[in-house]
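To start, the structure under review is shown below, and the notes come after it.
The values are calculated or read from the model by the stated rules, or taken from the named source; none is laboratory data. The structure displayed is predicted, hence computed values, not measured ones. Because the Cβ atoms are built from the backbone with ideal geometry, glycine has one as well, and the counts that use them run over all protein chains shown. For the accessible areas, the whole protein counts, side chains as well, though only heavy atoms, and no ligand, DNA or RNA atoms are used. Shrake-Rupley method; radii C 1.70, N 1.55, O 1.52, S 1.80 Å.
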Amino acid sequence: MSKMHLPERVWITEVGPRDGLQNEAKMIATDVKVELCERLLAAGVTNLEATSFVSPKWVPQMGDAAEVMARIPRPAHARISVLTPNMKGFEGALAAGADEVVIFGAASEAFSQKNINCSVTESIERFRVVAQAAKDHGLRVRGAVSVALGCPYQGEVPIADALDVARRLRDLGCDEVGIADTIGVGTAGQVRALFEAVARELPLDTISGHFHDTYGQAVANVLACLEVGVTRFDTSIAGLGGCPYAKGATGNVATEDVVYLLHGLGVETGLDLDRLVDAGQWISTFLERKSNSRVGNAIAAKRVPA
Ligand code: HMG
Ligand code: MG
């Protein structure tokens, strides 16, 4: 059998504390958020999306962003990122000492309105000042293209629309552009076509994949991306999460599942799978539900003495 051509190393951004917890209806104590971040950093996470500096009226769960940032450990090798939809968010992020800010646009007008209350073009203008301020302060900037593989309001999203927003985020100076399947509907062929199109215009090492797992396609979609040469992925511990403005959408692909896939393929991640499983089982127990990570549950089950 011929060997697939795969990257040797993949960089995972752990988004569980942000994309995961933002969707929890019950308010979670700051202590728990901080402990989750501690456990993830201890498992070797070097890119951690810790929280969001968004309006607490829109996403109350992220209302303790400044406190979370003040209390999480800051190992020198770890880059901490936060969501910043506007200058108010950026100022909070800067004061909190974030290493990276995330501006998040959408490939459909309807989703842009629901998520950030403005049109796609207005959002780009808002992000322009955020990206510039980030550059002025030496912060890394990541852009996200939501609903790139389907929109809960519009339905199908043409590749050209996702590509257009990716291009505009690159033009704002984003160091990385994440292509997001917000509602987890994409399948591997569609993912391949979209990422190939994006990779024709943006350097491969500046593109990342962000796959929600609503339809169970996310691990396959990560593999499709790997085959295109993508080396950056967002994943969420225990598959936590969803977007509050995408009803019914479940969490991101579980970190444990992606790491298991990658290590099985001989691709390096720098992450300690056993400690990730511990973190995923711990937060799932706290939330009183079974983890959404198949790998996490399988490894945890093997540990229980017969
Ligand atoms: P707006 O209501 O149009 O904003 O919301 P506004 O400027 O009129 O402000 C309204 C109030 O919010 C004001 O307070 C502001 O001060 C306050 P008031 O004067 O009424 O007391 N405010 C803020 N407070 C704290 N931090 C801020 C901030 N900005 C305004 N940054 C806005 C516009 C963008 C602020 C709002 O729509 C918002 O916060 N949206 C965030 C939505 C969100 O967090 N969605 C989930 C994250 S995105 C996601 O999950 C997708 C992703 O994972 C990729 C994928 O899967 O697709 C990234
Ligand atoms: Mg998301």
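Note on the chain: antiparallel DSSP beta bridges, both residues inside, total approximately 5 percent of the bridges counted.
Listed values for region 55-69 are Karplus-derived 3J(HN,Hα) couplings in whole Hz (6.51 cos²θ - 1.76 cosθ + 1.60, θ = phi - 60°), namely 5, x, 6, 7, 10, x, 4, 9, x, 9, 3, 5, 5, 4, 4, and x replaces Gly and Pro. The length gained by stretching the chain between Val32 and Glu125 to full extension, at 0.36 nm per residue less their Cα-Cα distance, is 29.9 nm. Using θ = phi - 60° in the Karplus curve 6.51 cos²θ - 1.76 cosθ + 1.60, the 3J(HN,Hα) couplings for region 223-240 round to 4, 4, 5, 4, 5, 7, x, 6, 10, 10, 9, 9, 9, 10, 4, 6, x, 4 Hz; x is entered for Gly and Pro. When both bridge partners sit in region 166-261, DSSP labels roughly 10% of those beta bridges antiparallel.
Can you tell which of Asn117, Pro17, Ala78 lies farthest toward the positive end of the dipole of the chain, using +1 and -1 charges on the Cβ of basic and acidic side chains (Lys, Arg; Asp, Glu)? Of Asn117, Pro17, Ala78, it is Pro17. Dipole check for region 220-306: with +1 at the C-beta of Lys and Arg, -1 at the C-beta of Asp and Glu, and the Cα centre as origin, the magnitude is about 320 Debye. Here's how it looks for Thr187: its modeled amide H is under 5 Å from none belonging to a residue 5 or more places away or on a different chain. Label separation (Ala188 vs Ala220): 0.7 nm, computed from points 7 Å beyond Cα along the C-beta direction. Once C-alpha pairs closer than 8 Å and six or more residues apart are averaged by separation and normalised to the residue number of region 223-282, the relative contact order reads 29 percent. Couplings for region 87-93, taken from phi via the Karplus curve 6.51 cos²θ - 1.76 cosθ + 1.60 with θ = phi - 60°, read 5, 4, x, 4, 4, x, 5 Hz in order; Gly and Pro are left as x.
Take every Cα pair under 8 Å in the chain that's 6+ residues apart, average their separations, divide by the length, and report that relative contact order as a whole percent.
20 percent
Annotation for region 145-170 versus region 188-206: alpha-carbon center distance of 13 Å.
Among Ala254, Ala197, Ala279, the residue with the largest mean-square fluctuation in a Gaussian network model of the chain, with springs joining Cα atoms closer than 10 Å, is Ala197.
To the nearest 20 Debye, how big is the dipole of the chain about its Cα centre, given +1 on the beta carbon of each Lys and Arg and -1 on that of each Asp and Glu?
For this selection, approximately 260 debye.
The GNM of the chain, with springs linking C-alpha atoms under 10 angstrom apart, assigns the highest mean-square fluctuation among Ile80, Ile179, Ile28 to Ile28.
Ranking Met4, Met69, Met27 by solvent-accessible area of protein heavy atoms (1.4 Å probe, all protein chains present), from largest to smallest, gives Met27, Met4, Met69.
The alpha carbons of the chain stretch over 59, 50, 36 Å along the principal axes, in descending order. Rolling a 1.4 Å probe over the protein chains gives Ile72 an accessible area of about 10 Å². Free of any trypsin sites (Lys or Arg not before Pro) that DSSP assigns to a loop and that have at most 11 other C-beta atoms within 10 Å, the longest stretch within the chain is 58-199.
Counted over region 59-158, the DSSP beta bridges are approximately 10% antiparallel. Dividing the mean sequence gap of close Cα pairs (under 8 Å, 6+ apart) by how many residues region 1-99 holds gives a relative contact order of 28 percent. A helix-only calculation puts the chain at -12500 deg cm²/dmol for mean residue ellipticity at 222 nm, using -39500 (n - 2.57) for each DSSP H run of at least four residues, averaged over all residues.
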